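Trainee: Structure in structure tokens, see below.
The values are calculated or read from the model by the stated rules, or taken from the named source; none is laboratory data. Given the structure is predicted, the values throughout are model-derived calculations rather than measurements. Neighbour counts run over all protein chains shown; Cβ positions are idealised from the backbone, glycine included. Just so you know, the surface numbers come from the protein's heavy atoms only, side chains and all, with ligands and any DNA or RNA stripped out. Shrake-Rupley method; radii C 1.70, N 1.55, O 1.52, S 1.80 Å.
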Amino acid sequence: MTRRNRGADVSSSSPNPQRPVAPTSARLETGRSRTSRNGAVAFTLIVFIVVVAAVLALAQIVAGVIGLGAIVGAVAAGALAASSVHVVMEWEKAVVMRFGRFNRVAGPGIVFTWPIVEFYTVRIDQRVATTYFGAEETLTADLVPVNVDAVVFWMVFSPKKAACEVEDYGSAVSWMAQATLRKAIGRASLAEVACRRDQLDAELKDALEEKLDGWGIDVIDVEVRDIVVPRELQASMAAAAVATRERDARMIMAEAEADISDMLKDASANYEGDPEAMRLRTMHLAYESVRASGGTLVIPSAFSEGFTNPDAADALAKAAKKG
């Protein structure tokens, strides 16, 4: 069994909405060094060389000459020794099979297996892995196509299940996450997808945990990276948003006008029964207008008498009606 998706596999950039991106082929280059198994490979090679050299030396001592048979035997012995001694890294587990049946999970450190009888099929990396996945041109509940990119953080907690229950668990995580994301988007409207990312993350995490638990995989977290709406819809959505804001503004202004009219109605009822209060209000308005503008208010004498002489004010009002 091979593992095609090991380590931290994420995309190098946001995908183009017009071009689907392979969910498991991209790798984010961070500039940091990654772990290597060169030491384990070198150890296996050294074991092979040492055993071959020992067998050839023994043949030289016993037969006095190194023939073709000795060389073939030395190579076979070296191959058997190399296949019997393995180095498993700290973050790995080796799944050992015996005659094709699961026998044990070994490691980390040096692992010994019986030649021909036992072998380990796969080394399971138990570090946290990241897998990029996306849903291209997926319809929401209100029939709006969107492109959604996300990242799932996961790790293998049961090497036995990961090796025996699924062929390629790395690719299985990616495809399962993509299918789950498409279903979640199809159940929600565009507004819900855009505004409730935390809820979408939690829904995806719960769904993936339920499905991947049988494969020995634990989902640590799911993060939605980006939500892209097609450009032809962005203009209409922006216009709809502007229209909604204008409608809300006009409704607020109408409510304010209604409140002001009620207040003015109450004020007029108060002033109607109290002429003195009306004159004081008139003087206050004149004062406020002069103070705000910084100018001078010129009042005709007949009009000015109306502020202090009620009889003159009444006469002025009657004259205005006759004229």
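Trainee: Restricting attention to the range 125-144, which residues are assigned to a strand (DSSP E or B) and either over 19 Å from Met176 (Cα atoms) or among the small types (Gly, Ala, Ser) (or both)?
Mentor: Within the range 125-144, Asp125, Ala129, Gly134, Ala135 meet the criteria.
Trainee: Output the residue which, of all residues in the range 110-124 that are of a type in the set (A, V, I, L, M, F, W, C) and under 39 Å from the mean Cα position of the chain (by Cα), is surrounded by the fewest Cβ atoms within 10 Å (Cβ to Cβ).
Mentor: In this case the residue turns out to be Val122.
Trainee: Looking only at the range 198-221, count how many residues are within 12 Å of the chain's Cα centre (by Cα) and either aromatic (Phe, Trp, Tyr) or within 18 Å of Glu136 (Cβ to Cβ) (or both).
Mentor: 2
Trainee: Give the range 90-109 a look and list any residue that's at pLDDT below 90 and either buried (at least 20 other Cβ atoms within 10 Å of the Cβ) or of a type in the set (A, V, I, L, M) (or both), or say none.
Mentor: Gly107
Trainee: Specify which of the listed residues (Val173, Val152, Val156, Val193) is modelled with pLDDT under 90 and buried (at least 22 other Cβ atoms within 10 Å of the Cβ).
Mentor: Answer to the check: Val193.
Trainee: Do we have Val87 as part of a strand (DSSP E or B) and surrounded by fewer than 19 Cβ atoms within 10 Å (Cβ to Cβ) here?
Mentor: No, not satisfied.
Trainee: Among the residues of the range 200-226 satisfying the criterion of being touching a strand residue (DSSP E or B) at 6+ places or on another chain (Cβ under 6 Å) and open to solvent by 30 Å² or more (accessible area, probe 1.4 Å), which is farthest from Ser158 (Cα to Cα)?
Mentor: Going through the qualifying residues, I end up with Asp226.
Trainee: What helices (runs of 4 or more DSSP H), lying completely within the range 204-323, carry at least 1 residues that are of a type in the set (Lys, Arg) and at pLDDT below 85?
Mentor: Once the helices (runs of 4 or more DSSP H) in the range 204-323 are filtered for at least 1 residues that are of a type in the set (Lys, Arg) and at pLDDT below 85, what remains is 231-272, 275-293, 310-322.
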